[in-house]
Amino acid sequence: MAGVAENGNAGAGTPPPVPAPEPDLLPPATDLFQPDRVAAFKGELLGFLGELVPPGEPPWDIGLFEGYGRGLVATRDIAVNELIFVDRPILVGPRVNNYEVIFCASCCRILRRLQLCTGGCRLPICARCDFGVGPSSPHAAECALIQSWQPKDAGRYSKNILYALTSIRGFLLSERDRAIVLQMEGHAPRKEMTTEIERLLRDGYFWNLDGAGPAVRYLRRVVNVLNTNAFETSRIVADDENNDHEIILRGLYILGALMNHCCRPNVRYVFDGELRMRVHASRPIRRGEQIMNNYSKILWGTQHRIIHLCVSKNFLCCCERCKDPTESGTYLGALKCVRESCPAGRLLPLNPLKISSMWQCDRCDLKMDNIKATKIQEIAGRMILNNAIKRESSYIIDYLNDHILKFLLPTNQFTVELKLQAIKKIQADRPLAELREKEKYCVEILDVLARLDYGECFVKAVLCYELFVTRVTIAGLLDDSAIATDAPNLEHLRTAWQILGPSGNRPKDLQQLVVTYGIE
């Protein structure tokens, strides 16, 4: 690896780039699951978390589970809504996706126009974080590292270097933190997938980054760990007109990533203003029970969840929800029977754990092969996700009432997704009829969550908030305050506050609503 001075961009006092670790010296993957190694790993993790772990024994431990590997287990009974742990990201940065706004690669501040770092790293940067500020800049070390690889076209912005920045920050970790990251599982990318690092190598972004050298081997390992374990998080930042923007990031939360998957999890999590992950019990958890998260979308049907988990997480879920064709009577993945003589029939997979399963109507016994069932879902997905979902709220309502419900069930995952978009788009200034539709959609989806026994989850809180403010608006239009202040509606506000209160991007008016209506 070349020194910084060889690029001609480094000034006095520039922090030297961190040398690349040698990935060949890592312990074999099998050693990570030995009891003594797990105990040592827990000690390293507790050291990383520091003051985030309260005194005494935490309510969690790292255990070994057949079919799962490592996972978190409750060391005592945990009550619903109890805080289980607080985690912080060991790595955090831009995701590998396009962004709608230009923002500082270091602090995420919105930039009115593209402003490149003076260090030549080809990244957008604000004046406060610029390399020219000196060693006090939070961007200085990573900029110096990127400089050491000698970027080509240093005067031009590179979105691909921005996309790779989270992985590049892996070089700046301490020896202990680096060891923690490298003890996480990291699945190799699919053959058709070009990672951010391979893209940089393929397109020749650097003069001095050896594709076969230790730096690239380490970067690939970090990419695999991130792709396997990272969470989507976000930072709220203001632009020059003081308008808030949510910058979506990805963060590697080690303790959070150790939670294994279940399609009916027992936790929820939010990220606070400092990007710390706060994990609460969404349902009671008994001592010795695994602490489980959901790696997929909770309102997707089983077939879609299975495909997503197989492709992105390399495993097949066989939880009780996945085994039940009706998904606790929600019929999220079911299709409407195609026979006109069977309007109440529902097509369900005979074996929901198999993508190739035959489908059968629960009323008339009509059978359909998986290819036709998949084709119907693909058409529905295109119609909704590529068309209707982008339209205004009035169009969505009409589309649901006049078209969608003629060929999809009211609780099919695509119908639910369209209702969620309508909930988001129907604001307080819309006509009363639209507000009534929004109210109905909130109630319907809350019922789906209740049937799934999802407990006090994040989506429930968002829907409770939307339902409360909608009923307050309706009460104002009808001059009937009792609608807003009846006990069930106040309970919706209480639920929203309990779950969303610790979140760094909770609704702006939520706290004021809590004060106004006397909710503790």
Inset, instruction - Calculate how many DSSP beta bridges within the stretch 92-250 are antiparallel, expressed in % of all such bridges and rounded to the nearest 5. - result: 100 percent
Inset, instruction - Collect residues whose amide H, placed 1.01 Å from N in the peptide plane, falls under 5 Å from the amide H of L249; neighbours closer than 5 in sequence don't count. - result: T233, S234, R235
Legend entry - Whole-percent carbon and sulfur share, accessible surface of the stretch 112-218, 1.4 Å: 50 percent
Inset, instruction - Note down the relative contact order for the chain as a percent, whole number, built from C-alpha pairs under 8 angstrom at least six residues apart. - result: 13 percent
Inset, instruction - Take every Cα pair under 8 Å in the stretch 237-353 that's 6+ residues apart, average their separations, divide by the length, and report that relative contact order as a whole percent. - result: 19 percent
Legend entry - Whether the stretch 259-299 is rounded, prolate or oblate, judged on the alpha carbon gyration tensor where a/c under 1.5 counts as rounded: oblate
Inset, instruction - Compare the peptides 509-517, 102-110, 263-271 by average per-residue count of other Cβ atoms within 10 angstrom and give them in order, highest first. - result: 263-271, 102-110, 509-517
Inset, instruction - Using only Cα atoms, tell me the angle between helix 214-229 and the longest principal axis of the chain; keep it within 0 to 90° and round to the nearest 10. - result: 20 degrees
Legend entry - Size of charge dipole - the stretch 92-250 - debye, nearest 20, with Cβ of Lys, Arg +1 and Asp, Glu -1, no other charges: 400 debye
Inset, instruction - Rounded, prolate or oblate: pick one for the stretch 92-250, where a ≥ b ≥ c are the square roots of the eigenvalues of its C-alpha gyration tensor, a/c under 1.5 means rounded, and failing that, prolate if a/b is larger than b/c, else oblate. - result: prolate
Legend entry - Net charge contributed by nearby residues that have their C-beta within less than 9 Å of L49 (K/R +1, D/E -1): -1
Legend entry - Helix-derived mean residue ellipticity, 222 nm - over the chain, DSSP H n ≥ 4, -39500 (n - 2.57), to 500: -10500 deg cm²/dmol
Legend entry - For the stretch 306-321, Karplus couplings with θ = phi - 60° (6.51, -1.76, 1.60), whole Hz, Gly/Pro x: 4, 4, 4, 5, 5, 6, 8, 10, 6, 8, 10, 7, 10, 6, 4, 5
Inset, instruction - Take the alpha-carbon centre of the stretch 67-104, take the same for the stretch 129-164, and report the distance between them in whole Å. - result: 28 Å
Legend entry - Whole-Hz couplings from phi, Karplus 6.51/-1.76/1.60, listed for the stretch 402-409; x for Gly and Pro: 9, 10, 4, 5, 7, 10, 10, 6
Legend entry - Accessible area in square angstrom per residue, the chain, 1.4 angstrom probe: 46 Å²
Inset, instruction - Estimate the FRET efficiency between N208 and R76 by the formula 1/(1 + (r/R0)^6), using the beta-carbon distance for r and 45 Å for R0, to the nearest 0.05. - result: 0.25
Legend entry - Of K297/K419; K390/K425; K390/K440; K390/K419; K419/K440, pairs whose Cα-Cα distance is over 18 Å: K390/K440
Inset, instruction - Measure out, as a whole number of angstrom, how far apart the alpha-carbon centroids of the stretch 400-457 and the stretch 309-368 sit. - result: 21 Å
Inset, instruction - List the residues whose amide H sits under 5 Å from the amide H of M358, counting only those 5 or more places along or on another chain, with H placed 1.01 Å from N in the peptide plane. - result: L350, N351
Inset, instruction - Run the accessible area of the stretch 275-386 with a 1.4 Å probe and give the carbon-and-sulfur part as a rounded percent. - result: 54 percent
Inset, instruction - Once you have a ≥ b ≥ c as the square roots of the Cα gyration tensor eigenvalues for the stretch 114-204, tell me rounded if a/c is under 1.5, and otherwise prolate or oblate according to whether a/b is larger than b/c. - result: oblate
Legend entry - Debye, to nearest 20: dipole size of the chain, +1 on Lys, Arg Cβ, -1 on Asp, Glu Cβ: 1160 debye
Inset, instruction - Grab the other residues whose beta carbon is less than 15 angstrom from that of R305, score K and R as +1, D and E as -1, and report the net. - result: +2
Inset, instruction - Give the label of the value calculated from the structure for P(r) over Cα pairs in 20 Å bins from 0, in percent, choosing from (1) 21, 55, 23, 1; (2) 16, 33, 37, 13, 1; (3) 19, 49, 29, 2, 0. - result: (3)
Legend entry - Sulfur and carbon atoms: percent of accessible area, the stretch 463-506 [1.4 Å]: 50 percent
Inset, instruction - Mind listing the long-range amide H neighbours of W60? Cut-off is under 5 Å, sequence gap 5 or more, other chains count too, H placed in the peptide plane at 1.01 Å from N. - result: T75
Legend entry - Environment charge of C317, counting only residues whose C-beta is closer than 12 Å and scoring Lys/Arg +1, Asp/Glu -1: +4
Inset, instruction - State the antiparallel share, in %, of DSSP beta bridges confined to the chain, rounding to the nearest 5. - result: 95 percent
Legend entry - Estimated vicinal HN-Hα couplings, Hz - the stretch 452-461 in sequence order (Karplus 6.51, -1.76, 1.60; Gly, Pro = x): 6, 6, 7, x, 8, 9, 5, 4, 4, 4
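The values are calculated or read from the model by the stated rules, or taken from the named source; none is laboratory data. Because the structure is predicted, anything quoted here is derived from the model rather than measured. Neighbour counts are summed over all protein chains in view; Cβ atoms, including those assigned to glycine, are modelled from backbone coordinates with ideal geometry. Just so you know, the surface numbers come from the protein's heavy atoms only, side chains and all, with ligands and any DNA or RNA stripped out. Shrake-Rupley method; radii C 1.70, N 1.55, O 1.52, S 1.80 Å.
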